[in-house]
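To start, the structure under review is shown below, and the notes come after it.
The values are calculated or read from the model by the stated rules, or taken from the named source; none is laboratory data. Computed from a predicted structure; not experimentally measured. Don't worry about glycine lacking a Cβ; one is built from the backbone with ideal geometry, like all the others, and counts go over all protein chains shown. Side chains are part of the model used for accessible areas, which takes the heavy atoms of the whole protein and leaves out ligands, DNA and RNA. Shrake-Rupley method; radii C 1.70, N 1.55, O 1.52, S 1.80 Å.
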Amino acid sequence: MQSKTGPHHLPPPDAEARRAVRPVICYPVESLSRPEPATLAEARRDLRKTTEVTVPPREARTFRVRAGQTFRISSVEGPQVGDLNLWNAGDLSERFYSGKTRALHGTHVTTGDRLWSGFPALRPMATIVEDTLGWYGIDEHGGGVHDVIGTRCDPYTHNLLSGGQYHHCCHSNLTRALADATGLPMAEAEAHVHDVLNVFMCTGFTRDTGQYFMKASPVRPGDHIDVLAEIDLLGALSACPGGDCGAEHSSDAAPCFPLRVEVFDSAWTPRHGPPPRNGYDRSHGR
């Protein structure tokens, strides 16, 4: 990776030895309970649709999922990425924690990975039970699909880099959708919008400068990701104004398409039990 510190910082004589130090996985996850293959299969069997929501291009919509139900996000007309927020349906303070999900599962998620909530609950909110883009893996550029590294396109960064007032970025879309669903004032709703799961988005970090990159998503109509709700969820999904994110991030020019969200009862639904909240006593040593 290219140095960002400037030419006056010369490498020490043992620079290569320092770089060669073996990495250590920060969070060994062998002790984590993994979803049973039978559970993943049951969550996809005997699907009976209860709800369907269409998310228009450059807009967001909310949906509700009961614990034990499965929700599906689908590409329906053309390649399109979506930004997903999840909350505990009864407590908006418990919400998806992309950073901890990334630390536990990696930069991109797929079948069998879980979407974790933040402190103090720190429990699985949802589990991915099927991913038709699971074949993609990590490409020659270091790119993968369904990332938990991007934050969401937002009007503040847009203003910082380009000027102007752009309102159809994912942050604003999610804010409007949550305000509409809950009746919260816009400022209160905005405080609950958080870093996302970038559904269908193909991203990575450049090898030379370490910058976050995007490339055209491999998603095509018919592709979908199925997710088991571990707790009662309120979800919000934005159809990103970047379309397949192959050229522009926040734009009225990029071709954009709707996304579909379907909620299903399954063979697993009547047997599901929500996971407990995290067992830490919250004393913090006092």
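Springs between Cα atoms under 10 Å define the GNM used for the chain, and in it the highest mean-square fluctuation of Arg22, Arg34, Arg95 occurs at Arg22. Between Glu30 and Ser93, the modelled label-to-label distance comes to 3.7 nm, taking each label 7 Å out from Cα in the direction of the beta carbon.
Ordering Thr269, Thr50 by accessible surface, largest first, gives Thr50, Thr269; the 1.4 Å probe counts only protein heavy atoms, with every chain in place.
Distance from the Cα centroid of region 30-74 to that of region 197-228 is 19 Å (rounded to whole angstrom). Which residue fluctuates the most in the chain, going by a Gaussian network model with Cα springs under 10 Å, if the choices are Gly164, Gly68, Gly144? Result for the chain, Cα springs under 10 Å: Gly164 fluctuates most. If I build a Gaussian network model for the chain, linking alpha-carbon pairs within less than 10 angstrom, which residue out of Ile25, Ile231, Ile149 has the largest mean-square fluctuation? Of Ile25, Ile231, Ile149, the most mobile in the Gaussian network model is Ile25.
Shape class for region 23-164: rounded, because the ratio a/c of the largest to smallest gyration tensor axis (alpha-carbon atoms, square roots of eigenvalues) is under 1.5. In this structure region 129-264 gives 40 Å² per residue of accessible area when probed at 1.4 Å with all protein chains present.
Work out the P(r) tail for the chain: percent of alpha carbon pairs separated by more than 34 Å, whole number. Roughly 23 percent, rounded to a whole number.
Charges at C-beta only: +1 for Lys and Arg, -1 for Asp and Glu. How large is the resulting dipole of the chain about its Cα centre, in Debye rounded to 20?
Taking the Cα centre of the chain as origin, the dipole is about 580 debye.
One chain, two ends: His167 and Asp208. Fully extended at 0.36 nm per residue, the span grows by 11.5 nm beyond their Cα-Cα distance. Surface composition of the chain: carbon plus sulfur atoms hold 53% of the accessible area, using a 1.4 angstrom probe and ignoring ligands, DNA and RNA.
Here the label points at Thr182 and Trp135, each 7 Å from Cα along the C-beta direction, are separated by 4.0 nm in the simple model.
Of the chymotrypsin sites (Phe, Trp or Tyr not before Pro) found in region 181-286, those in coil by DSSP whose Cβ has at most 16 other Cβ atoms within 10 Å are Tyr280. Ordering His224, Gly235, Tyr280 by the projection of their Cα atoms onto the charge dipole of region 156-286, which places +1 on the Cβ of Lys and Arg and -1 on the Cβ of Asp and Glu, puts Tyr280 at the extreme positive end. Shape of region 102-185 from the C-alpha gyration tensor: oblate (a/c of 1.5 or more and a/b not above b/c, with a ≥ b ≥ c the square roots of its eigenvalues).
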